[in-house]
Amino acid sequence: MSKTRLEAFSDGVIAILITIMILELKVPEGTNVQALRPLVPTFLTYVLSFVLLGIYWNNHHHMLSATERVNGAVLWANLHLLFWLSLTPFVTGWMGEHHFGALPTAVYGAVQFFSAIAYTILQFAIIRLEGPHSKLAAAVKKDVKGKLSAVMWFVAIPLAFIQTWIAIALYIAVACIWLVPDRRIERTLHHAEQP
């Protein structure tokens, strides 16, 4: 089964999610700087979510570059990932509109945690299909960054009820971890192309 339809569909969904998020940013009532102040939490949440969706899009692209083929299990695992990512605009708006309230901040973390788990499931589905000696398996190996990120999301969820700024700091830390380019797949593909 070709991976091109899965790739194109996923790219389209992520593009739509980013579009939905920007449409949620409301135009300020006034024309002075003071009119922007109530929008700051919403804008900051938007920036975080935009970065996270961009990271998923980038990593998804690299993962599929290392993938030769897909099957039904991979398609369903990909839909599972897209389901969790599709909740991002909702939790982004909720957390921003309510100025990082405890419950919206915790739910934001839960959606990101389950997105991370869904991404890992997709990765495992591809490796299971292509085998332990596949390009993707060689590239991700122990996937320390992926595991660390999932743990950070998970820990941040209950922390949102204790101190929301600690949870948000963890959310930002996860984004920063992944903003550093992850060259594992690129290196593996480059070595595979070498004679």
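The values are calculated or read from the model by the stated rules, or taken from the named source; none is laboratory data. Predicted model, so just to flag it, every value in this text is computed and none were measured. Here the Cβ positions follow ideal geometry from the backbone for every residue, glycine too, while neighbour counts run over all protein chains shown. Protein only, heavy atoms only, side chains kept; ligands, DNA and RNA dropped before computing areas. Shrake-Rupley method; radii C 1.70, N 1.55, O 1.52, S 1.80 Å.
The A35 and L103 beta-carbon pair, evaluated with R₀ = 22 Å, returns a calculated FRET efficiency of approximately 0.20. Going 7 Å from the Cα of W94 in the Cα-to-Cβ direction, what parts of region 105-124 have a backbone nitrogen less than 12 Å from that spot? 105-112, by backbone N distance to the label point.
Extension gain, L44 to N58, is 2.9 nm, computed as 0.36 nm per intervening residue step minus the present C-alpha separation. Between I22 and W76, the distance separating the two model label sites (each 7 Å from Cα on the Cα→Cβ line) works out to 3.6 nm. Surface exposure of the chain, expressed per residue as accessible area with a 1.4 Å probe, stands at 55 Å².
Taken along its three principal axes, the alpha carbon spread of region 31-153 comes to 58, 27, 26 Å, from the longest extent down to the shortest. Counting lysine pairs in the chain whose alpha carbons fall under 24 angstrom apart, excluding pairs fewer than 8 residues apart on the same chain, gives 4. Within the shell defined by Cβ-Cβ distances under 15 Å, the residues around G131 carry a net charge of +2, with Lys and Arg each +1 and Asp and Glu each -1.
Nonpolar atom fraction for region 1-109, defined as the carbon and sulfur part of the 1.4 Å probe accessible area, stands at 70 percent.
Restricted to Cα atoms, region 39-105 shows a radius of gyration and a Dmax of 15.0, 45 angstrom. The longest part of the chain holding none of the exposed loop trypsin sites (Lys or Arg not before Pro), meaning those outside H, G, I, E and B in DSSP with at most 14 other Cβ atoms within 10 Å, is 70-140. With the simple model of a label 7 Å out from the Cα in the direction of the Cβ, R69 to A169 spans 5.0 nm.
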